[in-house]
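Undergrad: Here it is: the structure, laid out below.
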Amino acid sequence: MLGTIVNTCTILTGSCIGGALRKGIPEKYQTALYNAMGFAAVALGIRTTVSNMSNSIYPVLFIISLAIGSLAGAVIDLDGKFMKLTARFSKGGGNSLGQGLSTGILLYCIGTLSILGPIESALHGDNTYLFTNATLDFVTSMVLASTYGFGMAAAAGVLFCWQGAIYVCAGFLEPFLTAELLAEISIIGGILIAASGLSILKIKESKTLNMLPSLLIPPIWFIIMSFVK
């Protein structure tokens, strides 16, 4: 799990550096970084969604997934529970930290490198994907922490559990994670990242965490279709 450990450490390091820099940044510059992070998230989300649209074999699956997943998330109230949890660890800025963590977790975990990386590492001993992902996450974590503070380091724990679970289950997941399924997951992930960006910019308030169950619908659909065929 060397690649996952390195990826986790880069997020922790980047968060510490960004959090330290944040203390010396005047409020107007923090606002500028806040806006920059919002626009970057929107751009990354749109790019991810558009680049995978042409690879979708079920053009309306992402719409159905978002509808069902968002409804399930709203019933469970994932966003509300997460915000209450982060508020306990962030005096006076719980909502802001919660928003930052939800964006960070999506950026770190929902992507081809973060999903295929642990599989390549476990089955072939190749950490190239994870080292590349670690480099990207290092920069992202610095920017996020300079905007939301040291609390962003908590996202490193989520990434470690996420990639660790994939690493352990690599043998089972490799044949299941086809290019078609990854394309569907990436489309939805891109939309969630873009939604986070719009929330950061206060253009459209979206409880992105309530939409997370949407990511489970494509795998369920592909399993059902495998039995039908």
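The values are calculated or read from the model by the stated rules, or taken from the named source; none is laboratory data. Given the structure is predicted, the values throughout are model-derived calculations rather than measurements. Glycine also receives a Cβ, built like all others from the backbone with ideal geometry; neighbour counts cover every protein chain displayed. Accessible surface is based on the protein model in full, side chains and every heavy atom, while ligands, DNA and RNA are left aside. Shrake-Rupley method; radii C 1.70, N 1.55, O 1.52, S 1.80 Å.
Undergrad: For Ala74, are the conditions met, namely being in a helix (DSSP H, G or I), within 19 Å of Ala183 (Cα to Cα) and open to solvent by 40 Å² or more (accessible area, probe 1.4 Å)?
TA: Judged against the criteria, Ala74 is not a match.
Undergrad: Same structure, new question: Please verify whether Leu216 is open to solvent by 10 Å² or more (accessible area, probe 1.4 Å), in a helix (DSSP H, G or I) and farther than 17 Å from Asp79 by Cβ, treating the condition exactly as stated.
TA: No; evaluated as a whole, the condition is false for this residue.
Undergrad: Identify, by number, the condition in (1) over 13 Å from the mean Cα position of the chain (by Cα); (2) at pLDDT below 90 that Thr112 doesn't meet.
TA: Thr112 satisfies all of (1) over 13 Å from the mean Cα position of the chain (by Cα); (2) at pLDDT below 90 except (1).
Undergrad: Could you please find all residues in the stretch 96-118 being open to solvent by 20 Å² or more (accessible area, probe 1.4 Å) and assigned to a helix (DSSP H, G or I)?
TA: Ser96, Gln99, Ile105, Leu107, Thr112, Leu113, Leu116
Undergrad: When you go through Gly190, Gly151 one by one, which is the residue that is open to solvent by less than 10 Å² (accessible area, probe 1.4 Å), of a type outside the set (Lys, Arg) and in contact with a helix residue (DSSP H, G or I) (Cβ under 6 Å, 6 or more places away or on another chain)?
TA: On inspection, the qualifying residue turns out to be Gly190.
Undergrad: Might you let me know whether the stretch 77-95 holds any residue that is outside any helix (DSSP H, G or I), surrounded by fewer than 23 Cβ atoms within 10 Å (Cβ to Cβ) and hydroxyl-bearing (Ser, Thr, Tyr)?
TA: yes
Undergrad: Within the stretch 119-142, track down each residue that is buried (at least 20 other Cβ atoms within 10 Å of the Cβ), of a type in the set (Val, Ile, Thr) and either over 13 Å from the mean Cα position of the chain (by Cα) or at pLDDT 90 or above (or both).
TA: Listed by number, the list holds a single entry, Ile119.
Undergrad: Oh, and also: Which residues, taken from the stretch 1-51, are within 15 Å of the chain's Cα centre (by Cα), of a type in the set (A, V, I, L, M) and under 28 Å from Gly164 (Cβ atoms)?
TA: Within the stretch 1-51, Ile11, Met37, Ala40, Ala41, Leu44 meet the criteria.
Undergrad: Six or more apart or on different chains, Cβ under 6 Å: which pairs go from a residue in the stretch 10-27 that's part of a helix (DSSP H, G or I) to one that's at pLDDT below 90 and open to solvent by 70 Å² or more (accessible area, probe 1.4 Å)? Could you list them?
TA: Cβ pairs passing all conditions: Gly19/Phe150.
Undergrad: Taking the stretch 14-34 only, how many residues are surrounded by fewer than 18 Cβ atoms within 10 Å (Cβ to Cβ) and either at pLDDT 85 or above or of a type in the set (Gly, Ala, Ser) (or both)?
TA: 5
Undergrad: Cβ-Cβ under 8 Å, sequence separation 6+ or interchain: first residue in the stretch 193-214 and in contact (Cβ under 8 Å) with a residue 12 or more places away in the chain and farther than 12 Å from Gly45 by Cβ, partner outside any helix (DSSP H, G or I) and among the charged types (D, E, K, R). Which pairs?
TA: From residues that are in contact (Cβ under 8 Å) with a residue 12 or more places away in the chain and farther than 12 Å from Gly45 by Cβ, the pairs are Asn210/Asp77.
Undergrad: Return yes or no: is Ala67 within 23 Å of Ile203 (Cα to Cα), over 18 Å from the mean Cα position of the chain (by Cα) and at pLDDT 90 or above?
TA: So Ala67 fits the description; yes.
Undergrad: Among (1) buried (at least 21 other Cβ atoms within 10 Å of the Cβ); (2) of a type in the set (Asp, Glu); (3) within 21 Å of Ser65 (Cα to Cα), where does Glu180 come up short?
TA: So the condition that Glu180 fails would be (1).
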